[in-house]
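Notes to accompany the following structure.
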Amino acid sequence: MKTHLNVKAPSNILSGLFEEKKWISSKFLYDEQGSQLFEQITDLPEYYQTRTEARILLENLSTWKSVFHEPSALIELGSGSSKKTKILLDHVKNIESYIPIDISEEFLADTVTQLQTSYPEIHIQGVSADYTQPFTLPDLKGKKKVIFFPGSTIGNFEPGEAERFLGNIRSLLEPGDELILGVDRKKDETVIEAAYDDAAGVTAAFNKNLITRINREHEASIDVESFSHVALYNSSAGRIEMHLESVRDQVLSVGGHTIEVKKQERIHTENSYKYDPEDIIQLGRSSGFLLQRVVSDEREYFSVCLMEV
Ligand code: AVJ
């Protein structure tokens, strides 16, 4: 079984810098340093998402128990350290196989080794793949398949991409299988903007790390401090945007090219879309899923959605 998705993702970190409206794909945020910074972001007081989702998972155990009421395989997209997954593995029976899928092979190997020690009775089979590209699942005959896509990672897809992506995920599943999807909700923009512009400056460092990465990978020497971090909620599009804003007129010299950047000109570096339940119903409809259940925190900042084929 294969999934396929063409995302608006240039092969090169520089290519969007030659366009009229400069941009860098958010996938380039996650080099080693960037992945570490993102881990730090998840602990920030302003970044409510990770904590809230973990709490929702813990406070709705009966929901997950009924999802896994028969022998099942849990397939996680972008598993990372599998922190949230442990909540499911610790409290739910019938998870016979766990298939973490992650792009970072080393990270995945470590996670699998550690988890296998903690959960000797679960068959753990890591798949090292970019899950936005075609990938193959191991044979899971006779088991209910439950796809777990937490963290509001879906928010980084453009709406049309999210639809196509979930449509492809849908094609891996059969009637009776399910999808557990974590989404960050639309809310007061000051709350969202603070989560992407924290007081300690970790998100700013995460964004500016793109400049550091360009310097390292393309033998450039752009002044990291010549850009400032900008995070703004675009309410009509329902997304938070990150940009790098030039503090002065400058000419970047990278990869044998020169790029003119005006003072206050912005390089768009990330979109993170927010989804309310009605948006999820819509997304489900257009990708072949039926929204079955939405569980949220009391502030309705975040939702975990249960979708069936
Ligand atoms: C990993 C895409 C879920 O959008 O909240 C965090 C990335 N960017 N702070 C998010 C991110 C800035 C994060 N996701």
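Each residue in the range 134-188 was checked for being in contact with a His (Cβ under 7 Å, 6 or more places away or on another chain) and over 14 Å from GLY288 (Cα atoms), and 1 of them qualify. May I ask you to list the residues in the range 57-80 that are over 17 Å from LEU306 (Cβ atoms) and either hydrophobic (A, V, I, L, M, F, W, C) or surrounded by 16 or more Cβ atoms within 10 Å (Cβ to Cβ) (or both)? Result: GLY78, SER79, GLY80.
Residue-wise test of (1) in a strand (DSSP E or B); (2) without any contact (Cβ under 8 Å) to a residue 24 or more places away in the chain; (3) farther than 22 Å from GLU193 by Cα; (4) not aliphatic (A, V, I, L, M).
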position	(1), (2), (3), (4)
ASN209	no, no, no, yes
ARG213	no, no, yes, yes
ALA231	yes, no, no, no
SER236	no, yes, no, yes
GLU241	yes, no, no, yes
GLU245	yes, yes, no, yes
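If I filter the range 164-182 down to residues being assigned to a helix (DSSP H, G or I) and either among the polar types (S, T, N, Q) or surrounded by 17 or more Cβ atoms within 10 Å (Cβ to Cβ) (or both), which single residue comes out as farthest from the ligand (Cβ to nearest atom)? Only one residue tops the list, namely ARG170.
Rundown of residues vs (1) in contact with a Ser or Thr (Cβ under 7 Å, 6 or more places away or on another chain); (2) assigned to a helix (DSSP H, G or I); (3) at pLDDT 95 or above; (4) within 16 Å of the ligand (Cβ to nearest atom), yes/no style:
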{"site": "THR52", "(1), (2), (3), (4)": "no, yes, yes, yes"}
{"site": "LEU57", "(1), (2), (3), (4)": "no, yes, yes, yes"}
{"site": "SER62", "(1), (2), (3), (4)": "no, yes, yes, no"}
{"site": "THR111", "(1), (2), (3), (4)": "yes, yes, no, no"}
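Contact map, the range 16-34: residues that are over 16 Å from THR203 (Cβ atoms) and within 16 Å of the ligand (Cβ to nearest atom) paired with residues that are among the small types (Gly, Ala, Ser) and outside any helix (DSSP H, G or I), Cβ distance under 8 Å, separation 6+ or inter-chain. Pairs shown: SER25/ALA9; LYS27/ALA9. When you look at THR203, is it within 13 Å of the ligand (Cβ to nearest atom) and either β-branched (Val, Ile, Thr) or modelled with pLDDT under 95 (or both), yes or no? When the stated conditions are applied, THR203 passes them. Can you give me the number of residues within the range 31-56 that are surrounded by fewer than 18 Cβ atoms within 10 Å (Cβ to Cβ) and among the hydroxyl-bearing types (Ser, Thr, Tyr)? Count: 2. If you filter the range 210-237 down to residues that are within 16 Å of the ligand (Cβ to nearest atom) and crowded, with 18+ Cβ neighbours inside 10 Å, you find that the one that is farthest from ASP188 (Cα to Cα) is ARG213. Figure legend. Inter-residue proximity from the range 142-153: first residues within 16 Å of the ligand (Cβ to nearest atom), second residues among the polar types (S, T, N, Q), beta-carbon distance below 9 Å, spacing 6+ or different chains. Indicated pairs: PHE148/SER79; PHE148/THR85; PRO150/THR85; GLY151/THR42; GLY151/GLN49; GLY151/THR50; SER152/GLN49; SER152/SER272. Going by the structure shown, is SER11 at pLDDT 95 or above and away from the ligand (no atom under 15 Å from the Cβ)? No, not satisfied. Under the condition of being assigned to a strand (DSSP E or B) and in contact with a Lys or Arg (Cβ under 9 Å, 6 or more places away or on another chain), which residue from the range 271-298 is surrounded by the most Cβ atoms within 10 Å (Cβ to Cβ)? The selected residue is SER272. In the set (1) part of a loop (DSSP other than H, G, I, E, B); (2) closer than 22 Å to SER272 by Cβ; (3) basic (Lys, Arg), LYS93 fails one condition alone, (2).
The values are calculated or read from the model by the stated rules, or taken from the named source; none is laboratory data. Since the structure is predicted, the reported quantities are computational estimates derived from the model, not experimental observations. Note that we place each Cβ from the backbone using ideal geometry, even for glycine, and neighbour counts take in every protein chain shown.
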